[in-house]
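**Student:** Questions regarding the structure given below will be posed in turn.
The values are calculated or read from the model by the stated rules, or taken from the named source; none is laboratory data. Small disclaimer: the values here were computed from a predicted structure and weren't measured. Because the Cβ atoms are built from the backbone with ideal geometry, glycine has one as well, and the counts that use them run over all protein chains shown.
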Amino acid sequence: MPRHSPLYQWADRVTTHFPHLPRPTAFVLALWAFGMVLAHTCALTAVALHLAPLLGRAFNTVRQRLREFYKPAAKKAGRGRTQVDPTTCCAPLIRWVTTGWHDRRVALALDVTNFGDRFHVLACAIVYRGCAVPVAWSVLVGGEKEAWHPHWCALLQRVGNALGPDWEVVVLTDRGLESSRLFRAITEQGMHPLMRVKGGGMFRPAGWHRFYRLGSFAARAGQRFAAAGVAYRTERLPCTLLACRMAGCAEPWLLLTDLGPYAAAPCWYAWRSWIEQSFKVIKSGGWDWEATRITAPDRAERQWLVLAVATLWLIEVGGVADGERRPETVPPWPKPRRPQPRPHRLFRVGLGLIVVGILTGRIPQGQFVPEEWPQPEPIPTISEHEFHSQMTYP
């Protein structure tokens, strides 16, 4: 079998980052990610077609080797066969992303992506420079009534155990996951929720006499509000409400957190949308996972390990290019300009750099370097009487 240098460079990295996996299993994981870069898809047949001539093996041999990666042990031929457990790969994925971070703080997004009526994928992902790296996930059968809360608790515990107590974790959730039970489950793990909620709930700031509808806080464009208090009349959730409404927005951001009013910034919540970009990469915007023929949730969970590693690789390499100073054709401005939006997704930048590296014989080395967190800005406090005098209902 010909020894392709870039492939084995990449395989050595994967084996190093997943020391608990048997070397043949780690090598097939690296094969999967490498073949997906060549084929620009996660389709089994396409990946095997690209890898077979590279490895000097028959197409069916390569296809079967890739296919057995996500098959359960009972379905494999031979004795002593094992199966990949994606739950044991959470810690290696997190260590790969966070190694070398001096600011021991990470933003974790929780969200669900649906695959028609076949799967619901509950995912925890570390957000990073406009995208996100899935580090823990659970694939559920679509269309069946099943409580999601125990799965979220298990995923959070898995991530918390992998990070350890020295990390500050901010968990970002959208309105579809609004839940006082989930809020408490996040805090029980030592993490800090930043949970967007609907405007129909109730909140009473500390020292105030009445509950007010959440939608009445920051109801006008340009308004901001921050105060500790109690949310929900029946469940009585002690928390902090952060509310803000920018000009041109149809409705305010209403965020509940356990952090103090001056310890969190509402703008952190904008990072939650990066997990949606990750889902787009995994599906039609990158790996075309929506075309998979897998129907068993356990096999889909193993396939998601391949998707996570391949996505991590491209984001890691693309992030290095994103952090470098861009060459300018004119001298730099004397004053710093506002940050400009990224012209290209990190996934595409990394894909191009890796493909060029494969052609030239040496793939680029990446490293995760997090962006700085915006500092919380003090929000003036108001009394209940002042709130009454300016209160309007949208």
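**Student:** Select from region 171-193 the residues that are in contact (Cβ under 8 Å) with a residue 24 or more places away in the chain and within 17 Å of residue 276 (Cα to Cα) and list them in ascending order.
**Tutor:** The initial filter retains those residues of region 171-193 that are in contact (Cβ under 8 Å) with a residue 24 or more places away in the chain, namely 171-174, 176-177, 179-187, 189-193.
Within region 171-193, 171, 172, 173, 174, 176, 177 meet the criteria.
**Student:** If you check 224, 220, 196, 210, which single one turns out to be surrounded by fewer than 16 Cβ atoms within 10 Å (Cβ to Cβ) and touching a strand residue (DSSP E or B) at 6+ places or on another chain (Cβ under 9 Å)? Before you say what the answer is, go through the steps one by one.
**Tutor:** Values: 224 fails: surrounded by fewer than 16 Cβ atoms within 10 Å (Cβ to Cβ); 220 fails: touching a strand residue (DSSP E or B) at 6+ places or on another chain (Cβ under 9 Å); 196 fails: surrounded by fewer than 16 Cβ atoms within 10 Å (Cβ to Cβ).
Result: 210 is the single residue among 224, 220, 196, 210 that is surrounded by fewer than 16 Cβ atoms within 10 Å (Cβ to Cβ) and touching a strand residue (DSSP E or B) at 6+ places or on another chain (Cβ under 9 Å).
**Student:** Between a residue in region 282-293 that is within 16 Å of residue 308 (Cβ to Cβ) and any residue that is assigned to a loop (DSSP other than H, G, I, E, B) and among the aliphatic types (A, V, I, L, M), which pairs come within a Cβ distance under 7 Å, given they are 6 or more apart or on different chains?
**Tutor:** 288/43
**Student:** Name the strands (runs of 3 or more DSSP E) wholly within region 154-222 that hold at least 1 residues that are touching a helix residue (DSSP H, G or I) at 6+ places or on another chain (Cβ under 9 Å) and among the polar types (S, T, N, Q)?
**Tutor:** Fully inside region 154-222 and qualifying: 168-173.
**Student:** Another question, then. Does residue 214 fit the bill of being touching a residue at least 40 places away in the same chain (Cβ under 8 Å) and either in contact with an Asp or Glu (Cβ under 6 Å, 6 or more places away or on another chain) or under 20 Å from residue 104 (Cα atoms) (or both)? Break it down into steps so the answer makes sense when it comes.
**Tutor:** Details: touching a residue at least 40 places away in the same chain (Cβ under 8 Å): yes; either in contact with an Asp or Glu (Cβ under 6 Å, 6 or more places away or on another chain) or under 20 Å from residue 104 (Cα atoms) (or both): no.
The answer is no for residue 214.
**Student:** Residue pairs, Cβ under 8 Å, 6 or more apart or interchain, first in region 69-95 and closer than 23 Å to residue 48 by Cα and crowded, with 18+ Cβ neighbours inside 10 Å, second among the β-branched types (Val, Ile, Thr) and at pLDDT 80 or above. List them.
**Tutor:** As it stands, the answer is 69/25; 69/28; 69/84; 69/306; 70/84; 70/294; 70/306; 84/25, since those pairs meet every condition given.
**Student:** OK, next. With respect to the numbered conditions (1) surrounded by 20 or more Cβ atoms within 10 Å (Cβ to Cβ); (2) modelled with pLDDT under 95, which one is the sole condition not fulfilled by residue 246?
**Tutor:** (1)
**Student:** Same structure, new question: Given the conditions (1) in a strand (DSSP E or B); (2) buried (at least 23 other Cβ atoms within 10 Å of the Cβ); (3) within 12 Å of the chain's Cα centre (by Cα), which single one is not true for residue 139?
**Tutor:** Failed condition: (3).
**Student:** Checking the conditions here, which among 268, 274 is over 20 Å from residue 136 (Cα atoms), in contact with a strand residue (DSSP E or B) (Cβ under 7 Å, 6 or more places away or on another chain) and part of a helix (DSSP H, G or I)?
**Tutor:** Details: 274 fails: over 20 Å from residue 136 (Cα atoms).
Exactly one residue qualifies, and that residue is 268.
**Student:** Might you let me know whether region 124-136 holds any residue that is of a type in the set (Gly, Ala, Ser), part of a loop (DSSP other than H, G, I, E, B) and under 26 Å from residue 345 (Cβ atoms)?
**Tutor:** Restricting attention to region 124-136, the residues satisfying the condition of being of a type in the set (Gly, Ala, Ser) are 125, 130, 132, 136.
Checking which are part of a loop (DSSP other than H, G, I, E, B) leaves us with 130.
From the residues that got through so far, the ones that are under 26 Å from residue 345 (Cβ atoms) too are 130.
Yes; the residues of region 124-136 include at least one that is of a type in the set (Gly, Ala, Ser), part of a loop (DSSP other than H, G, I, E, B) and under 26 Å from residue 345 (Cβ atoms).
**Student:** Would you pick out the residues in region 234-263 that are assigned to a strand (DSSP E or B) and over 13 Å from residue 224 (Cα atoms)? Let's see the steps before the verdict.
**Tutor:** Pass one, region 234-263, residues assigned to a strand (DSSP E or B): 237-244, 253-257.
Hits for region 234-263 are 237, 238, 239, 240, 256, 257.
**Student:** For region 345-357, name all the residues that are of a type in the set (A, V, I, L, M) and either under 18 Å from residue 42 (Cα atoms) or buried (at least 20 other Cβ atoms within 10 Å of the Cβ) (or both).
**Tutor:** Filtering region 345-357 down to residues of a type in the set (A, V, I, L, M) leaves 346, 349, 351, 353-356.
Selection gives 346, 349, 351, 354, 355.
**Student:** Within region 35-48, is there a residue that is of a type outside the set (Asp, Glu), buried (at least 18 other Cβ atoms within 10 Å of the Cβ), without any contact (Cβ under 8 Å) to a residue 24 or more places away in the chain and in contact with a Ser or Thr (Cβ under 8 Å, 6 or more places away or on another chain)?
**Tutor:** Yes, region 35-48 contains at least one residue that is of a type outside the set (Asp, Glu), buried (at least 18 other Cβ atoms within 10 Å of the Cβ), without any contact (Cβ under 8 Å) to a residue 24 or more places away in the chain and in contact with a Ser or Thr (Cβ under 8 Å, 6 or more places away or on another chain).
**Student:** Select from region 171-187 the residues that are under 11 Å from residue 111 (Cα atoms) and polar (S, T, N, Q) and list them in ascending order. Can you show your working first?
**Tutor:** Going through region 171-187, the residues under 11 Å from residue 111 (Cα atoms) turn out to be 171-177.
Once the filter is applied, which keeps residues that are under 11 Å from residue 111 (Cα atoms) and polar (S, T, N, Q), region 171-187 yields only 173.
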